[in-house]
Amino acid sequence: MKLRVLMFETPHDGYYNIAFEEALARARGCNIIDDTLRFFRNKNAVIIGYFQKAEEEVNLDYLKKIDAQLIRRPTGGGAVYHDLGNLNYSIAVSYDKAKNMSPVDYIFSVLIKGPINALNSLGFDARLENINDIVVNNRKVSGTAASTSWNTLFFHGAMLLNTDMEKLSSVLKISQKKLIDKGVSSVKYRVTNLFDINNKIKIDDIINSFVNSYKQLLNYDDVYYSIPTKKEIEIASLIYEEKYTKYEWNYNRESHSVFQKLEEQIKELCQVISN
């Protein structure tokens, strides 16, 4: 099998970037693309987990002040701040990869090794903490999240390279209990940028290490670079227009029944594409 690498982003429009994440997972589940590793950035956005309440996780006044977008992703986990100093990565693979393991166990015991092995190959002392946090020098450099929906094993994360820590700490609300549990007093003191640890590392080095890491980890025969297919764009554009640009999704997380028509449209589109 081959690993497809996708360098595709819309930094000015985080809504489309995250809509494309869901489209990527759905496209793999429809078997219209190969296993795919994607990299992208958002210019100025806060991404909240599927189950979170925006007002509890985000300083909405400060969000407005810095003119940042608020976007709900289709996976769980906590809120993260994205700017151009952040590298986001995702991988969508066939359900068959899990074999005799449960999908969730496979994601958080196998797929999560991709970024850890990549960082270690560059000389960082990376390890896993709290099931889904990647830390270097006891500070978090990447949070991760996942989904087993749409007949796909989907895993993604945000890697801090040179992010504005003042904005990050001001726009995100982290409970005092969570900080105490981690033995720190402020958000910016429990996270760090990779470039603050080693400023000689380049973003291309990190991307290449990710590609090599997943190639070896998942035993791909080869790697090829690609642009989005017309089929992926069709799915992403539909999801973008009907869900990711809607207040009901980003702020309210309305029930799935609200988007039932969209689900039917996507299902029909996938069937047409597959045929």
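The values are calculated or read from the model by the stated rules, or taken from the named source; none is laboratory data. Treat the numbers as computed from the prediction; the structure is a model and nothing was measured. Here the Cβ is made from the backbone with ideal geometry for all residues, glycine too, and neighbour counts use every protein chain on show. Heads up: the accessible areas ignore ligands, DNA and RNA and are worked out on the full protein's heavy atoms, side chains in. Shrake-Rupley method; radii C 1.70, N 1.55, O 1.52, S 1.80 Å.
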Candidate lysines - alpha carbon under 16 Å from LYS215, same-chain residues fewer than 8 apart omitted | LYS2, LYS97, LYS113
Cβ-Cβ FRET estimate between ASP61 and ASP196, R0 fixed at 41 Å, reported to 0.05 | 0.90
In square angstrom, rounded to the nearest 10, how much accessible surface does THR245 have for a 1.4 Å probe?
-> 60 Å²
Hits among aspartates and glutamates - C-alpha to C-alpha of LYS261 under 12 Å, sequence gap 8 or more where chains match = GLU242
At R0 = 25 Å the Cβ-Cβ FRET efficiency linking HIS12 and TYR247, nearest 0.05, sits at 0.80
Just need the relative contact order of the chain here, percent rounded to a whole number, with Cα pairs under 8 Å and 6+ apart.
-> 27 percent
For the range 117-167, evaluate the Debye formula with one uniform point scatterer on each Cα (no solvent term) and list log10 I(q)/I(0) at q = 0.17 Å⁻¹, rounded to two decimals.
-> -0.61
If one builds a Gaussian network model of the chain from Cα atoms under 10 Å apart, the most fluctuating residue listed among ASN212, ASN193, ASN250 is ASN212
Nearby lysines by direct alpha-carbon distance to LYS173 (threshold 19 angstrom, same-chain neighbours under 8 apart not counted) | LYS53, LYS64, LYS65, LYS140, LYS182, LYS188
Return one whole number: the accessible area per residue of the chain in Å², for a 1.4 Å probe.
-> 47 Å²
Of the options HIS82, TYR50, PHE124, report the single residue whose Cα projects farthest towards the positive end of the charge dipole of the range 1-127 (beta-carbon charges: Lys, Arg +1; Asp, Glu -1).
-> PHE124
Share of antiparallel DSSP beta bridges in the chain, in percent to the nearest 5?
-> 70 percent
If you add up the charges near ASP67, with Lys and Arg at +1 and Asp and Glu at -1, over every other residue whose beta carbon is less than 14 angstrom from its beta carbon, what do you get?
-> 0
Residues other than ASP34 with Cβ under 10 Å of its Cβ, Lys/Arg counted +1 and Asp/Glu -1, net out at +2
Cα pairs beyond 16 Å in the range 201-253, in percent, come to 65 percent
Net lengthening on full extension, ASP205/LEU269 (0.36 nm per residue, minus Cα-Cα) = 19.3 nm
Cα-based convex hull volume of the chain per residue, rounded to whole Å³ | 126 Å³
Relative to the Cα centre, what is the charge dipole magnitude of the chain, using +1 at the beta carbon of each Lys and Arg, -1 at the beta carbon of each Asp and Glu, and rounding to the nearest 20 debye?
-> 500 debye
Of the heavy-atom accessible surface of the chain (probe 1.4 angstrom), what whole percent is carbon and sulfur?
-> 47 percent
Two pseudo-spin positions, 7 Å from Cα along C-beta at LEU84 and at ILE32, lie apart in nanometres by 3.3 nm
